[in-house]
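J.: This structure is in structure tokens; I'll ask about it shortly.
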Amino acid sequence: MSDGTPVPSVLLGASGWIGQHFSRLLADHPYFAPPVLTGAKSAGRTLEQVWQLSDLPVPAALADRRLERLSAAQIAQRGLRVAFSALPSDEAGPMETELARRGVSVFSNASSHRMDPRVPLVVPEVNGDHLKLLGAPRRRAAGGQTRRGFIVTNSNCSTAGLVLPVAPLLGLLRPRAVHVATYQALSGAGFPGVPSLAIGDNLLPFIRDEEEKMSTETGKILGRVAGGRVHPLELPVSAQCVRVATREGHLEAITLVLPSSLRVTPEEIVDAWESYRPLSADPGAGGGLPTAPERPVIYRPEEDRPQPLRDRWAGRPERARGMAVSVGRLRVAPGTMRFFSLSHNAVRGGAGGSVLNAELAYRQGYLG
């Protein structure tokens, strides 16, 4: 763990939808100093001038801060030890690699490095132990810099809403396959997103690379680390992804294919979800992390829940709003179980997931 001094940080891509969710989560964070903001297209403008989240206030600590245009070399020279990346994937790849090479620890929302065998792809409640791919926690070197940088990624937004409710059921149900259909919010496409004439009175049954990401990322996240690499869980995931005209919140219809001889009750499944508190149960592994929800999976017994408008901000305490996944419509039959999952794509599936990764790395001593 650090000595308690807030870690100097930078936020890459602060003007985007995910970048602004990062801003509000980091403005008054107990572990990280209010970040330097970057944005190539918005350099020179203040965060307040580029603010797009109309239902959320601009964080006071950052409202007047101007976005800058910074290279990896300039970020390292200024002693900014942690970078939060909300860059588009085509920009993120080389920038994040260069930052890590220069000793900066990168926590990325981009897909560029997720399937790199050397890079942890982490949902802390599910596979926080994958941080050991980084090697042993390190001490800070002279001058305040870490000895070497690294990259940690969070999952794709739709993958987060799948693995969190599936992980606590693996031992109980021993699923043979997963089928998932997603109904994904417009903000998942970033800002300005999908043209209104394409989505109004319409659904778009194609999101590029999304179905493939859900399959490959799920296997890596649910896998185990041995011999310095991840051995993916061999669980077939078949996904169909649809863009719908909601603003935020991804709804997923999930079916688990079960062994034909298995007999399980809905009550057993609900108990597995409600008792799933891996971070709270192990303070040394991250219990009490500021952005960790008290209950990462919340079961809704109502017949018409979860819903994006009513459940996307699930999660307590206040800093963890939007970090819990809501599940409901549970149905069990011989050989299958079905349910719906709802997650906030920009928070749990975006900025919040990455901030939680950074908190876990901080708590376990990876940030010096």
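J.: Relative to the longest principal axis of the C-alpha atoms of the chain, give the angle of the C-alpha long axis of helix 89-101, reported between 0 and 90° and rounded to the nearest 10°.
T.: For helix 89-101, the angle is close to 60 degrees.
J.: Still on this structure, please answer the following. Out of these labelled values of semi-axes √(5λ) of the Cα gyration tensor in Å, (1) 32, 24, 18; (2) 41, 22, 19; (3) 35, 27, 20, which was calculated from the coordinates shown here?
T.: Correct label is (1).
J.: For K132, list the aspartates and glutamates whose Cα falls under 13 Å from its own Cα; do not include residues on the same chain fewer than 8 positions away.
T.: Partners within reach: none.
J.: Could you rank V194, V325 by how accessible they are, 1.4 Å probe, largest area first?
T.: The ranking, largest first, comes out as V194, V325.
J.: Would you check the accessible area of R148, probe 1.4 Å, heavy atoms only, in square angstrom rounded to 10?
T.: We get 110 Å² for R148.
J.: Tell me which of L186, G223, A83 sits at the most positive position along the dipole axis of the chain, charges placed on C-beta atoms (Lys, Arg +1; Asp, Glu -1).
T.: Positive-end residue among those listed: A83.
J.: Here's another thing I want to ask about it. Only Lys, Arg, Asp and Glu count, each charged at its Cβ (+1, +1, -1, -1), so figure out the dipole size of region 153-284 about its Cα centre, rounded to 20 debye.
T.: 320
J.: Post the alpha-carbon centroid distance, region 296-326 to region 331-368, in whole angstrom.
T.: Measuring centre to centre over Cα atoms gives 13 Å.
J.: Rounded, prolate or oblate for region 43-158? Axes are the square roots of the Cα gyration tensor eigenvalues, ordered a ≥ b ≥ c, and the cut-off for rounded is a/c under 1.5.
T.: oblate
J.: Of all beta bridges DSSP finds with both residues in the chain, what is the antiparallel percent, to the nearest 5?
T.: If I count the DSSP bridges inside the chain, around 50 percent turn out antiparallel.
J.: As I understand it, the dipole of the chain uses +1 on the Cβ of Lys and Arg and -1 on the Cβ of Asp and Glu, about the Cα centre. Which of A167, A72, P34 lies farthest toward its positive end?
T.: Going by the charge dipole, the pick is A72.
J.: OK, next. What 222 nm value per residue comes from the helices of the chain, counting each DSSP H run with n ≥ 4 as -39,500 (n - 2.57) and dividing by all residues, nearest 500 deg cm²/dmol?
T.: Value at 222 nm, helices only: -6500 deg cm²/dmol.
J.: How much accessible area per residue does the chain have, counting only protein heavy atoms and a probe of 1.4 Å, in square angstrom?
T.: Per residue, the chain has an accessible area of 42 Å².
J.: Dipole size in debye (nearest 20) for the chain around its Cα centre, Lys and Arg Cβ +1, Asp and Glu Cβ -1?
T.: Result for the chain is approximately 960 debye, rounded to the nearest 20.
J.: Another question, then. Can you spot the aspartates and glutamates whose alpha carbon is less than 14 Å from K213's alpha carbon? Ignore those fewer than 8 places along the same chain.
T.: Counting by Cα, and skipping residues close in sequence, K213 has these aspartates and glutamates nearby: D116.
J.: Test of understanding: what is the full-extension gain from F191 to R229, defined as 0.36 nm times their sequence separation minus their Cα-Cα distance?
T.: Result: 10.1 nm gained on full extension.
J.: Here's a follow-up. How high is the FRET efficiency between D116 and W313 when r is their beta carbon distance and R₀ equals 25 Å, given to the nearest 0.05?
T.: That pair, D116 with W313, gives E of 0.20.
J.: On to the next question. Quick check: net charge around L360, other residues with Cβ under 11 Å of its Cβ, Lys/Arg +1 and Asp/Glu -1?
T.: That works out to -2.
J.: Just check region 187-270 against the gyration tensor rule for me: Cα atoms, a ≥ b ≥ c as the square roots of the eigenvalues, rounded for a/c under 1.5, and otherwise prolate or oblate depending on whether a/b exceeds b/c.
T.: oblate
J.: Leaving out ligands, DNA and RNA, what percent of the accessible area of the chain is carbon and sulfur, probe 1.4 Å?
T.: The nonpolar share, carbon plus sulfur, comes to 51 percent.
The values are calculated or read from the model by the stated rules, or taken from the named source; none is laboratory data. Every value quoted in this text rests on a predicted model; they were computed, and no experiment measured them. Quick reminder, even Gly has a Cβ in these numbers, built from the backbone with ideal geometry, and neighbours come from all protein chains shown. Quick note on the areas: whole protein, heavy atoms, side chains included, nothing else; ligands and nucleic acids left out. Shrake-Rupley method; radii C 1.70, N 1.55, O 1.52, S 1.80 Å.
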